Amino acid sequence: IEKLLCSQDLAGKKVLITAGPTREYLDPIRFISNRSSGKMGYALAEEAYKRGAKVTVISGPVNINTYADIEIINVQTAFQMYHKVKDIYMQYDILIFSAAVADYRPKSVSENKIKKENRDELAIELVKNPDILKFVGDNKKPGQIIVGFSAETENVIENSQEKLKTKNADLIVANNVLEEGAGFDVDTNIVTLISKEKIENLPKMSKSEVAERIFDHVLTYLCKM
Ligand code: CTP
Ligand code: CA
């Protein structure tokens, strides 16, 4: 019983997590997306739930089943994810942005299927999507803890430290997505936890262990409040 009580260290906390990829439609049947599986985000949701939190996931399209007590809000586009987060983020204590949000979307979405007839080339004009994490960082309520992720293929630490600052996050979980056993699709991850105070390199571990480490870190902030 003691162990159970001690492990409920997020009891009474509300946790919001964005997870998975987004889909940016060109026409009713085609979209631009990315390789995100959502595994990291759902591992975070399950870890928070086991530790006693009330958990909501705003999820792009993924193939994952989870506990019925974890609330899942399904979205497809970055724009939908942005609006959902905006609507509800104020109610949460801990916000984790693990979604692989598309940075750009097609400038216009064709109402009908785009036909190839009379066309040898097709250029798609893209416009920037809103930065969901930055919006919350810029508008955060005192006491809210914000965790972002950072996918990089070069200058991982420097670029991630820059994201920590510009997005006003408390912690950035950085990963080099080209490294084997890290990033998309796989069950493991190799990350560096970057905060104002320190840089912590973690060895290759399962995504649920990474989730555990992230909440251990978040707890050090909760304890200081
Ligand atoms: N993010 C977000 N909304 C976006 C883009 C990114 O909330 N429109 C979040 C991601 O969920 C992640 C963090 O911002 O937590 C960093 O995402 P990343 O793609 O690594 O960095 P960007 O800021 O998008 O910059 P770039 O892709 O150019 O490196
Ligand atoms: Ca990006």
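The values are calculated or read from the model by the stated rules, or taken from the named source; none is laboratory data. Please read these numbers as outputs of a predicted model, since none were measured by experiment. Cβ sites come from the backbone with ideal geometry, for glycine too, and all protein chains shown count toward neighbours. All accessible areas refer to the heavy atoms of the entire protein, side chains included, with ligands and DNA or RNA removed. Shrake-Rupley method; radii C 1.70, N 1.55, O 1.52, S 1.80 Å.
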For segment 107-225, what is the largest minus smallest coordinate of the Cα atoms on each principal axis, given in angstrom and ordered from greatest to least?
63, 36, 25
Give me the accessible area per residue for segment 111-198, probe 1.4 Å, as a whole number in Å².
62 Å²
Could you give the accessible area per residue of segment 55-107, probe 1.4 Å, as a whole number in Å²?
49 Å²
In terms of the charge dipole of the chain, which places +1 on Lys and Arg and -1 on Asp and Glu at the beta carbon, the residue among Ala123, Ile73, Ala182 farthest towards the positive end is Ile73
Nearest 500 deg cm²/dmol is fine: what mean residue ellipticity at 222 nm does the chain get from its DSSP H runs of n ≥ 4 alone, each adding -39,500 (n - 2.57), divided by its residue count?
-8500 deg cm²/dmol
With all protein chains present, how much of the accessible area of the chain (probe radius 1.4 Å) comes from carbon and sulfur, to the nearest whole percent?
48 percent
Could you tell me, in Å, what Rg and Dmax come out for the Cα atoms of the chain?
18.2, 72
Using a 1.4 Å probe on heavy atoms of the protein chains only, the accessible area for Met90 in Å², nearest 10, reads 90 Å²
To check you understand DSSP bridge types, tell me what percent of the beta bridges within the chain (both residues inside) are antiparallel, rounded to 5.
40 percent
When N is the residue count of segment 69-168, what does its C-alpha Rg come to as a fraction of 2.2 N^0.38 Å?
1.37
